1. Pull up all non-local amide H partners of residue 231: gap of 5 or more, or a different chain, and H-to-H distance under 5 Å with H placed in the peptide plane.
2. For residue 127, what accessible area in Å² do you get when you roll a 1.4 Å probe over the heavy atoms of the protein chains, rounding to the nearest 10?
3. Provide Rg and Dmax in Å for the chain, with only Cα atoms included in the calculation.
4. What is the distance in Å between the Cα centroid of the stretch 296-347 and that of the stretch 115-164?
5. Send over the per residue convex hull volume for the stretch 185-331, Cα only, as a whole number of Å³.
6. Return a whole-number percent for the relative contact order of the chain, with Cα pairs under 8 Å and 6 or more residues apart as the contact set.
7. For the stretch 80-219, what is the charge dipole size about the Cα centre, in debye to the nearest 20, if Lys and Arg each add +1 at the Cβ and Asp and Glu each add -1 at the Cβ?
8. Given H placed 1.01 Å from N in the peptide plane, which residues other than close sequence neighbours of residue 309 have an amide H under 5 Å from its amide H?
Amino acid sequence: MTPRNILVVLSLALSLAIGFALSRKPGGRGAEGRGPGMARPRLGLSLDTLKEERWQRDRDRFVQRATELGADVLVQSANSDDTRQVQDIEALISRGVDALVIVPHNGEAMAKAVAAARQAGIPVISYDRLITGADVDVYLSFDNVRVGELQAEYLVGKLGGRGRIIRIYGSPTDNNARLFKKGQDKVLAPLIQSGAIRVVHEDWAQDWKPENAKKIVNAALTAQGPDVQGILASNDGTAGGAIQAITEEGLAGKVLVTGQDAELAACQRIMRGVQTMTIYKPLHQLADRAAEVAVALARRQVVVARDTVNNGFKEVPSVLENVIAVDKDNMMETVVKDGFHPAAQLK
Ligand code: GAL
């Protein structure tokens, strides 16, 4: 069964009954503004950052789909600052949004913002990254453990099952970084146990910054010398930083480097042979679904999802989209075929 029909928005008749019941809740634009009959739902989109290419895509696609559905979207980006993100969400609440979509910089720190939204009777979608310890309504993301598995499987496969590697994890504030690591660990554990794979250096790249990833690889090469066969980088941004470091040592193209997000620069590096692979995540599927669910929740329609993810507070109704490993051999039939990047830019 594809993710598309895992999420069911209850029929209008039933939702009308339930929606009406729900709209009695106080707060926001209040009872009179919300409900199935509301003219134009007002959605709030709170982003951690717009620094990475993918978040700009998520924003644009979300706004496009929400507009198609007759909604207005207020967008805020917190520049990776937790205090700022809580303020952004409080501002969106006071501007009367009917539903909130949040990409948390720090999943734990956003729990109090979710509490404020709850207080105001505003439903919350946790987008791509899980908000933990909070009463969120829906979690929409990709299979992030699978991302880590595919990255490690690919690297180990290309290494012939043995070698010395560096591991670059994502931002320690990001729950996804822990899920990617979990997937990688599942694949690597027996090989590390047997000694076939040696992790010569590992660290977390604060805020996913490429410059932090570069520092990690600089430190690794200084301490361990150039005898490294692979870098398990958790996304394309950190892969880019790692590649800067190995380029300085004349190792570019000689060390395998993983990634994630199929950013344009990363896909170009893959076609040039200095990055080895990335993980393509069809963002349009996630953004479209988030817009559809946000509008449904704003209209007080009940959303039912087959899957759940425990966020430490409750079993959150969830949908986790599929992901695809991409290298130069399948770039055309994945990233290009989907129109994610034009072939001309990958020559
Ligand atoms: C993760 C996200 C990745 C990557 C990273 C850096 O949470 O799932 O796609 O972009 O953040 O922004």
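1. Residues meeting the amide H criterion: 166, 256, 257, 258.
2. Rounded to the nearest 10, that gives 10 Å².
3. 21.3, 67
4. The distance from the Cα centre of the stretch 296-347 to that of the stretch 115-164 comes to 11 Å.
5. 161
6. Numbers: 753 pairs, mean separation 73.6, N = 347.
Taking the mean separation of contacting Cα pairs over the length of the chain, I get 21 percent.
7. Charge dipole, the stretch 80-219, about its Cα centre: 740 debye, nearest 20.
8. Those qualifying (amide H under 5 Å, at least 5 residues apart or on another chain) are 316, 318.
The values are calculated or read from the model by the stated rules, or taken from the named source; none is laboratory data. Note that the structure is predicted; figures quoted are calculated from it, not measured. Note that we place each Cβ from the backbone using ideal geometry, even for glycine, and neighbour counts take in every protein chain shown. Note: areas computed on protein heavy atoms with side chains; ligands, DNA, RNA excluded. Shrake-Rupley method; radii C 1.70, N 1.55, O 1.52, S 1.80 Å.
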